[in-house]
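Colleague: Below is one structure. I have some questions about it.
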Amino acid sequence: MSSGLSVYLLDVAATRALVGSGDDQLLQVVRDSFGDELARDDDYFRYQIERGAPTAYEALRAVVHGGPFSEDKEHAFQYGYAYRRLCELTGSFLPNDSFMPFRGDWLSVVDEGLAALRVTAVSVESFSYSDLPDPLPYTYIPGCGEWTPGQIARALEQFEATKAAGHAPPLEPEVVDAVMQCRGWMRHAESRPGFGVIGFCS
């Protein structure tokens, strides 16, 4: 079974602040922009919805209003996908061909490549964790993680220090490609003060 990583460039703090904002205008924009996708998601998750999971729009409304959330933990995935949709609306999608799709422990392999280059301030495997903003309930899928502007600045400093030291460990070509793609994400964020990266793994 394969997985995929979706990565967005955005203002991390502002995006987290959308959760519980009560912004009904934002909800209307999402409904107008993603109506067809919401309907497709409801069709895809019909089995779970018939058993009490919120629809895609109901989950979005709960996320924007800070609740109420289903007490059934098996339904929490809908809130994770709703938050991803907010990131899709407010952020810019970043190239992800090194991570779409991927199998097994690929994210940890890329992290090992970063570590070999002495870059430890960020982790792609963190995108598979459940680091959703409070008060969203825990969900295993989709995984969610973020790189803050401070983490990105530190990681880019580490890249430069490695380059200056002439430290070039042997890495598999596909790992090099993935590491360079990560560096590209960071360069995009660096060019936008206050911006970071939020990623979703599913």
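The values are calculated or read from the model by the stated rules, or taken from the named source; none is laboratory data. This is a predicted model, so every value here is computed, not measured. Neighbour counts are summed over all protein chains in view; Cβ atoms, including those assigned to glycine, are modelled from backbone coordinates with ideal geometry.
Colleague: Has segment 40-48 got any residue that is within 23 Å of residue 147 (Cβ to Cβ) and more than 18 Å from the chain's Cα centre (by Cα)? Step through it out loud before you land on a result.
Modeller: The initial filter retains those residues of segment 40-48 that are within 23 Å of residue 147 (Cβ to Cβ), namely none.
Among the residues of segment 40-48, not one is within 23 Å of residue 147 (Cβ to Cβ) and more than 18 Å from the chain's Cα centre (by Cα), which makes the answer no.
Colleague: Moving on. List pairs: first in segment 47-66 and closer than 18 Å to residue 134 by Cβ, second surrounded by fewer than 19 Cβ atoms within 10 Å (Cβ to Cβ) and of a type in the set (Ser, Thr, Tyr), Cβ under 9 Å, 6+ apart or cross-chain?
Modeller: The qualifying pairs are 59/70; 62/70; 64/21; 65/21; 66/21.
Colleague: Scan segment 97-128 for residues that are touching a strand residue (DSSP E or B) at 6+ places or on another chain (Cβ under 6 Å), part of a loop (DSSP other than H, G, I, E, B) and either over 20 Å from residue 189 (Cβ atoms) or modelled with pLDDT under 95 (or both) and jot them down.
Modeller: 101
Colleague: If I ask for residues that are of a type in the set (Asp, Glu), part of a helix (DSSP H, G or I) and closer than 12 Å to residue 122 by Cβ, which ones from segment 136-188 would you list?
Modeller: 157, the sole residue that qualifies.
Colleague: Among 150, 104, 143, which is farther than 20 Å from residue 177 by Cβ and free of Cβ contacts under 8 Å to residues at least 40 places away in the same chain? Steps first, please.
Modeller: On the way: 104 fails: farther than 20 Å from residue 177 by Cβ; 143 fails: free of Cβ contacts under 8 Å to residues at least 40 places away in the same chain.
150 is the lone residue from the list that is farther than 20 Å from residue 177 by Cβ and free of Cβ contacts under 8 Å to residues at least 40 places away in the same chain.
Colleague: Please go through segment 7-29 and give me each residue that is farther than 30 Å from residue 151 by Cβ and surrounded by 13 or more Cβ atoms within 10 Å (Cβ to Cβ), ordered by number.
Modeller: Of segment 7-29, the ones farther than 30 Å from residue 151 by Cβ are 24-25, 27-28.
Within segment 7-29, just 27 meets the criteria.
Colleague: Considering only residues that are more than 11 Å from the chain's Cα centre (by Cα) and assigned to a helix (DSSP H, G or I), which ones fall in segment 65-85?
Modeller: Of all residues in segment 65-85, those more than 11 Å from the chain's Cα centre (by Cα) come to 65-79, 82.
Listed by number, the residues that qualify are 65, 73, 74, 75, 77, 78, 79, 82.
Colleague: I would also like to ask the following. Scan segment 30-49 for residues that are surrounded by fewer than 14 Cβ atoms within 10 Å (Cβ to Cβ) and of a type in the set (Phe, Trp, Tyr) and jot them down.
Modeller: Selection gives 44, 47.
Colleague: Shifting gears a bit: Out of the residues in segment 142-170 meeting the condition of being of a type in the set (A, V, I, L, M) and modelled with pLDDT of 95 or more, tell me which one is surrounded by the fewest Cβ atoms within 10 Å (Cβ to Cβ).
Modeller: Keep residues of segment 142-170 that are of a type in the set (A, V, I, L, M), which gives 152-153, 155-156, 161, 164-165, 168.
After this cut, where a residue has to be modelled with pLDDT of 95 or more as well, the list is 152-153, 155-156, 161.
Working: 152: 22, 153: 15, 155: 22, 156: 18, 161: 13.
Restricting to residues being of a type in the set (A, V, I, L, M) and modelled with pLDDT of 95 or more, the top hit is 161.
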